[in-house]
Every structure is written in structure tokens, then in C-alpha cells.
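Colleague: Can you read through this structure? Questions will come right after.
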């Protein structure tokens, strides 16, 4: 565990509120976990579907050792860990990390890097290269890069049956929620948008107010309509 408050929020959202739950159509669903952090979501997937095949992507060099250790200590099988970020291009990109949960690629960083953040160079891969067979569930929490990754994979998204994408409204970043929803609609997905709860996501608590510094996250659950 790298941070007590982070562990509490992850446990509450994933195991209590079950934000990543889905109804698998086979006993060994294929799950892409993009932005695995310390692995709580993978632990949940393997708890619900012990035969699941999971590919977990986590780029942060400060967090990946916790992820790897959690998978090893729990003796999980059929879990492939990839230490890489997701982006629209392959290569090596600049990455900033707080060592907990607020890491991001350089193009999605805050205007001013907060004190204590560390700069790394990390490998970057494309989601579309993992959409080569039917995917039962896609979980995506990639700190502001979600639109460019989904757009780059648009013609492959129908390989995915269900997904949960965390949309990040962060100071200084382009507003892309409308683009993501339109893309999902065009690719044949129904969707619902959820705002976590006010403890996890205080900026959504009424009375509503938007300023240049407002930051919040939304969950987009989408299911392909055949």
C-alpha cells in the first residue's frame, strides 16, 4: 500500500460501490485494466471471476512495484502486467508522478507541476494494439488521456463489450466529454454517466459552481448494443 487515503477510496469505490462490476458472458472473461495503480481493480475482477484473464497497464515507476507485489502476494494467475502508459502513439514520453494516484503524461500535466512530483520517461503503447480479440470489459483511468486513446482506437472499440472510462475535468485540459460520448454513440454503445459520490468527488456537490480551477471526475459506463 502506497497511501492510506488512496487505499480507502479505492476500496470504497471498487469493493463497496462496485464501480467496475459487469456481467460476464463466459467464465474466463478478458479484461483490460488501463491505469491499474496498486491493483485493487484487478483484485476485484479476480475475486468475482477467478478464471478471468487480465491485462493490467500501469506506467508509474513509483507505483508499479506495489502493483507487482500485490499480484504476487495474492497468487493471481492469468494476469499480465505491462509497465507502460496509453497514448495515441508508441514511443517514450515524459511522465509526472506524485507517487500515489495523480500521475499523468506531460501533455496532460497541470500548468504548474506541484512540489514533490517526479519526472520520468516511460514507454507508451496504443490501446488499439490490445483490441485484437473480443474484450469483455475495458476499465480506463488514465488521468486526462482518455479522449486521445479512445479516438485513436475508434475503429476497434466494437471489440469491447462493456467498459468504464473515468473522464477527468482538470484545469488547463481541453474539455472532451462531449467528444467521448459522441464517439461511443457512433460506435454503437449505450452509456450512463455517474459522478461517484461527493466524498470521492467533492466538486459535484450542490450548489454547483465552475471556475478555472475546478476539477472533477465522471464515470462513463458503456455497453455495446448488438
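Colleague: Relative contact order, percent, of the chain when contacts are C-alpha pairs under 8 Å separated by at least 6 residues? It would help to have the intermediate numbers written out before the result.
Modeller: Working: 436 pairs, mean separation 38.0, N = 226.
After rounding, I find 17 percent.
Colleague: A further question on this structure: Could you compute the FRET efficiency for residue 192 and residue 62, with r as their C-beta to C-beta distance and R0 at 30 Å, rounded to 0.05?
Modeller: Rounded to the nearest 0.05, the efficiency is 0.35.
Colleague: Anyone know which of 59, 134, 206 comes out most mobile in the 10 Å Cα GNM of the chain?
Modeller: 206
Colleague: Sort 198, 41 so the one with the fewest other Cβ atoms within 10 Å of its own Cβ comes first.
Modeller: 198, 41
Colleague: Moving on. Roughly how many Å is it from the Cα centre of the stretch 116-133 to that of the stretch 1-33, as a whole number?
Modeller: Centre-to-centre (Cα) distance: 21 Å.
Colleague: With no solvent and one point on each alpha carbon, what is the Debye value of log10 I(q)/I(0) for the chain at q = 0.11, 0.17, 0.18 Å⁻¹?
Modeller: Listed by q, the Debye log ratios stand at -0.52, -1.39, -1.59.
Colleague: Which ordering of 60, 13, 152 is given by a fewest-first count of other beta-carbon atoms within 10 Å?
Modeller: Listing 60, 13, 152 from fewest to most nearby Cβ atoms yields 152, 13, 60.
Colleague: Given Cα pairs under 8 Å that are at least 6 residues apart, what percent is the relative contact order of the stretch 1-70?
Modeller: So the answer I get is 34 percent.
Colleague: Something else about it: Using a ≥ b ≥ c from the Cα gyration tensor of the stretch 17-70 (square roots of the eigenvalues), is it rounded, prolate or oblate, where a/c under 1.5 gives rounded and otherwise the larger of a/b and b/c decides, a/b for prolate?
Modeller: Prolate shape, in that a/c is at least 1.5 and a/b is the bigger ratio.
Colleague: Provide 158, 223, 119 in ascending order of the number of other Cβ atoms located within 10 Å of each residue's Cβ, fewest first.
Modeller: 119, 158, 223
Every number in this text was worked out from the coordinates using simple rules, so none of it is lab data. This structure is a prediction, so every number in the text was calculated from the model and none was measured. Every residue, glycine as well, gets a Cβ built from its backbone with ideal geometry; the counts of neighbours run over all protein chains shown.
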